[in-house]
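Values quoted throughout were computed directly from the atomic coordinates according to the rules given, and no laboratory measurement underlies them. Keep in mind the model is a prediction, meaning the values are calculated, not measured. As a convention, Cβ positions derive from the backbone with ideal geometry for all residues, glycine included, and neighbour counts pool all protein chains shown.
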Amino acid sequence: MHPILFKVGFVTIYSYGFMVAVAFLVVAFFLSHKFKEIGLRGDLAFDLAIYLLVFGIIGARLLHVFLNLDYYLNNLKEIFMLWHGGLAWQGGLFFAFLGGIFFMKRNNLKLGATCDIIVPYVALGQAIGRIGCFLNGCCFGAQTDFALGMVFPGRINPIHPTQLYTCFFLTAIFIILKKMEKKKTFDWQIFSLYLILYSIMRFNIDFIRGDLQAAFFGLTVSQVISIGLFLTGLSLYLMKFRLTQGSKRKPADVIVKNE
């Protein structure tokens, strides 16, 4: 654990915030390259990445604060201290999606096709962000005798490094989605696959998280939300698949409307 990477004078560089910044730059770089590849301006991708980052952080923080309301009501200043960690990804996904819709409509981009292009890099950005969680010490796992268990500072017994597990699986999801791009047959296909794969991963990871409490029928709030995301992704996939049955037309890489 290294919550603070280094200090330069009165400036403190926190590992969590640093890794979020790295994730943003990596996502913006690859997304810009992809946009140029399909004939769009690279700076458009950078602007879109900013929208997704800002809306995503706001939504993720709001949901985290809501899930830990008693603590934040007694520690109001902590609400704004993002460098201490505390982002609930499901809230970030919802708000980022809203921000993305606004940006895409404003720039005349096809919603489904654009989401399919963006979402693999979202998974990659999440994977990088989880390294920040590991360095910060948040989102930790339960006590374990498993060979991969780690003893964190201030603890005696090893715990699951769930941050690293999540990083590994998100990287795998990124690779799967990028490979599926080449086999894509309908818009929303990659996005719906992301919802399915991410929700399965998150649902199972929560069973070995040590910082979450069961809320409904032995499940955490995140697990309940994951069930909703899974059903949404599966329904979207099946609906779009059925609509394209019998069609020989493959979705084009062009994501601008009326072109």
Can you return the aspartates and glutamates within cross-link range of LYS110? Criterion is Cα-Cα under 15 Å, with same-chain partners fewer than 8 residues away left out. ASP187, ASP253, GLU259
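Can you put LYS105, LYS36, LYS77 in order of Cβ neighbours within 10 angstrom, beginning with the fewest?
On the way: LYS105 11, LYS36 14, LYS77 7.
Fewest-to-most Cβ neighbours within 10 Å comes out as LYS77, LYS105, LYS36.
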What is the distance, in nm, between label points placed 7 Å from the Cα along the Cα-to-Cβ direction at LYS182 and at LEU5? 3.4 nm
Quick check for me: using +1 on Lys/Arg Cβ and -1 on Asp/Glu Cβ, what's the dipole size of the chain about its Cα centre, in debye to the nearest 20? 880 debye
Each label point is 7 Å from the Cα along the Cα-to-Cβ direction; what then is the distance between the points at LEU164 and GLN245, in nm? 4.6 nm
Amide N of the stretch 103-146 lying under 17 Å from the label point, which is placed 7 angstrom from the Cα of ALA21 along Cα→Cβ: 128-133, 135-136
Violations at 24 Å Cα threshold for listed pairs LYS105/LYS182; LYS105/LYS183; LYS7/LYS34; LYS36/LYS178 -> LYS105/LYS182; LYS105/LYS183; LYS7/LYS34
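Using the number of other C-beta atoms within 10 angstrom as an exposure proxy, rank ASP47, ASP187, ASP70 with the fewest first. It would help to have the intermediate numbers written out before the result.
Details: ASP47 16, ASP187 21, ASP70 7.
By the 10 Å Cβ count, ascending, the order reads ASP70, ASP47, ASP187.
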Working out 0.36 nm times the residue gap between GLU37 and ILE101, then minus their Cα-Cα distance, what length gain in nm do you get to one decimal? 20.8 nm
